[in-house]
Amino acid sequence: MTTKPKVSRYRIRRGSEHASATEQAASEASQETSSRKEAELNPLEQMAAVPQEDGLPPAAGKSAMRIERNTRPSGATDADANPDEIAQVQNEGLTGRQLRMARRVAQKHGVQADNDYDAVIKLRRAGIDPFKRANMLELVEGEGDGKSTNLPQPAPQVGVPGPGVFDAAARARSVIDIQRDIARRRRRNLQMLILRLIFFVVFPTIAAGYYYYNVATPMYATKSEFVIQQADGSGGGASGLFAGTGLASSQDSIGVQGYLTSREAMLRLDRDVGFKDSFSDPSIDVVQRLDQGASNETAYKAYRKRVKIGFDPTEGIIKMEVVAPSPKLSELYSKALISYAEERVDNLTQRKREDQMEGAQNSYEEAEREMLAAQGRVLALQEEVGVFDATSDASSLMSQINTYELQLQDKRLRLQQLLDNTSPNQARVDGVRGDISRLESLIAELRGRLTDTGGEKGSLASISGQLRIAQTNLETRTLLMQQALQQLEVARIEANKQTRYLSTNVSPVAPDQPTYPKAFENTLLAFLIFSGIYLMLSLTASILREQISS
């Protein structure tokens, strides 16, 4: 790695320049000392050391002369400056960079000028070219030294008092004032927080407690429990696994629960025992009272609040709580709802039983019609062919054929015996041959009755096949009719039997003391609700304030 050689710089200073450099070094040393003192101050002293406007007039003497000199208007010129010369320089079209360089060259050579154009004029009068390259390079070298006294110095602040010095007492007073301000702001914030809590939390809680303790009408709750059971026989599959448990009747229990919490049950309860009228009594407080002539939707909302039904799926128990203005009404409502539930349970399988009974009856009637039609077909076929039993007739014909064939074989043997003689009796031979031909004709006729299809009634084989098919169809239809009859009897038995029934485990009993309102619990709940609402609102406001301020 190579580095560029450094070039040594040499400058020749004048005596006056050397003196001014010495003065500048002294001023820089004093400024450095003052800055070090300022750095040693703590943050409170530095804050107090910031110049403040005291409203006093500027000091007289040397400061006044300096203010007057520094506040001289930039457009003013010396006596030597001619306005025509300034206008001529302005018409030369010099750039801002050239004018600044001329001002700096004038400061370097100690030429006092009021503005940039005056500096150009005075430099030219002194025989110095402000835009000469050598002058510019010399000016740049002087800037690199950093000790030139001809550089522009910052204007002194006029009318600003010097930094004050903090002693221990002043510092203590400042700290005490800051602490008091912080404590005062904390007290103010705490007071505002207490006021907000009182307004948004305490007052609403007191109002809610006053309502629950002094205004709310006492309500009486009657509790009851019932379960839906099945009377079906043990079935196979999954129904046998869950038999005797709450899962076996969970669908029925859920259906009954939905019915008791429906508008239909509310309307029926109002029609039977007057639900709307009991809760429209003027003795009930305004919050819980129904208006006279209230709509069904408003009454249903009150019904959902007063009738609470829960279902335990593990045990299959339905728990019901009915709230009313008086104990008698509460017990009356509970018993009415339980009767509605029992009726609904009875009707759950009624349609199923009716459908089963109707289907079994239709099946039996159809099977009976088919059986009668098959029997009529067999009878018509027997009358048509004149055969009662084709099997017996065929057996009879086959026995006759067998007999005749034995006789024919015997005749043939006899004929052969006669022919074996050297001089057989021709009359006997002819008689035997005639018997043989007659037997063959008879056997052929009998066999033709079995297989001949060209007759009027057909062959006995075809007649036997038709009768056999008709009889088989008749037997099948008879068996189907028997099964349909059996199903009809089973459906009739099931239709007459109640497969599901409601069993009341806990009967409704009227209470002797009011159950609602629970004043302490409701007041505490109101306090928690208002506190949560206030907390959410305050957090939301804080987040929005932070987002807006950022």
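Each value in this text was obtained by applying a stated rule to the coordinates, not by laboratory testing. The structure displayed is predicted, hence computed values, not measured ones. Don't worry about glycine lacking a Cβ; one is built from the backbone with ideal geometry, like all the others, and counts go over all protein chains shown.
Can you find, among V506, Q482, A519, the residue farthest towards the positive end of the dipole of the stretch 469-532? Put +1 on the C-beta of Lys and Arg, -1 on that of Asp and Glu.
About the Cα centre, the residue reaching furthest to the positive side is Q482.
What are the ³J(HN,Hα) values, in whole Hz, obtained from phi via the Karplus relation 6.51 cos²θ - 1.76 cosθ + 1.60 with θ = phi - 60°, for each residue of the stretch 351-360 in sequence order, with x given for Gly and Pro?
Karplus values, whole Hz, x for Gly and Pro: 5, 5, 5, 5, 5, 4, 5, 5, x, 5.
Quick one: what are the phi-derived ³J(HN,Hα) couplings along the stretch 280-288, Karplus 6.51/-1.76/1.60 with θ = phi - 60°, whole Hz, x for glycine and proline?
Along the stretch 280-288, the couplings run 9, 5, x, 6, 7, 5, 4, 5, 9 Hz.
Using the 10 angstrom Cβ neighbour count as an exposure proxy, how do E315, E368, E297 rank, fewest first?
Result, fewest neighbours first: E297, E315, E368.
What pairs in K308/K328; K308/K352; K223/K352 have C-alpha atoms more than 26 Å from each other?
K308/K352; K223/K352
So who's got an amide H within less than 5 Å of the one on I317, skipping anything under 5 residues away but keeping other chains? H placed 1.01 Å off N, in plane.
D312
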